[in-house]
1. Just give me the residues in the range 111-129 being of a type in the set (G, A, S) and either touching a residue at least 60 places away in the same chain (Cβ under 8 Å) or within 18 Å of V151 (Cβ to Cβ) (or both), in sequence order.
2. What's the total number of residues in the range 143-180 that are part of a loop (DSSP other than H, G, I, E, B) and small (G, A, S)?
3. Suppose we filter H179, H139 for residues that are modelled with pLDDT of 90 or more and within 20 Å of R69 (Cα to Cα); which single one remains?
4. Name the single residue that is farthest from C82 (Cα to Cα) among those in the range 100-130 being of a type in the set (D, E) and part of a loop (DSSP other than H, G, I, E, B).
Amino acid sequence: MRSSIASLLRMRRLIVGVVVIVVVIVLVGAYFLFFAPKTQAAAEQPIAFNHQAMVQIGVQCLFCHTEARRSPAAGIPSVARCMGCHKVIAANTPVIKQVAGYWDRQEPIPWVRVNEMPRFVFFSHQVHIAAGRNCEECHGDVGHMAAARPVVTMNMGWCLNCHEQQPNAAQLKDCVVCHR
């Protein structure tokens with residue numbers, strides 16, 4: 001009888017141990033999937049676009065990323081927008097010749113996203129621009145970057161820290177603001 005009770009207790013401890021290990025593995029996996037910092041390196045782009053050069057001549061973010069004012073996505077400028085200026089300005093430089101090649105072939109430039117939110121997060125540039133946020137608050141001083149790269153880890157904690165500092169913080173902490 002004692003041996004069967006001892007066996008049951010050992011089995012119970014083993015099951016509890018396995019459950020604890022599985023829970024820890026799931027929690028660690030979830031952390032790395034949703035919260036762990038992502039790499040801060042610049043993405044390899046099809047064309048070496050230099051934001052710094054544009055800002056130095058006075059081009060503002062919203063001139064090229066016009067959709068930020070009126071839609072959730074800031075948008076990647078079309079080749080037509082680029083060529084609107086560069087048919088004349090710096091048209092013979094190697095980088096603009098690459099852009100013109102896409103224009104001639106009527107192909108979009110396959111830019112690689114620099115910042116990306118998970119698909120289960122709703123984010124609107126329009127709302128943030130209308131609220132007076134400027135691009136540098138989230139994207140850093142892109143005007144001093146040769147290649148755009150992430151400067152912050154855009155995760156839930158980072159967003160909530162900003163939302164907590166706003167006058168309407170209680171409304172902004174409602175889950176449905178970002179998770180629809």
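1. The answer is none; no residue qualifies.
2. Here is the first cut: in the range 143-180, the ones part of a loop (DSSP other than H, G, I, E, B) are 145-155, 165-168, 173-174, 178-180.
When the remaining residues are screened for being small (G, A, S), the result is 146-148.
Residues meeting the conditions: 3.
3. H139
4. Here is the first cut: in the range 100-130, the ones of a type in the set (D, E) are 104, 107, 116.
Next, from what is left, pick out any that are part of a loop (DSSP other than H, G, I, E, B): 107, 116.
Values: E107: 13, E116: 23 Å.
Looking at the filtered set, the residue picked out is E116.
Per-residue answers, yes or no, for (1) more than 20 Å from the chain's Cα centre (by Cα); (2) touching a residue at least 12 places away in the same chain (Cβ under 8 Å); (3) exposed (fewer than 13 other Cβ atoms within 10 Å of the Cβ); (4) farther than 24 Å from K173 by Cβ:
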residue: F49; (1), (2), (3), (4): no, yes, no, yes
residue: M83; (1), (2), (3), (4): yes, yes, no, yes
residue: V99; (1), (2), (3), (4): yes, yes, no, yes
residue: E107; (1), (2), (3), (4): yes, yes, yes, yes
residue: G140; (1), (2), (3), (4): no, yes, no, yes
residue: G157; (1), (2), (3), (4): no, yes, yes, no
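The values are calculated or read from the model by the stated rules, or taken from the named source; none is laboratory data. These numbers come from a predicted model, not from an experiment. For neighbour counting, all protein chains shown are included, and Cβ atoms are generated from backbone atoms with ideal geometry for every residue, glycine included.
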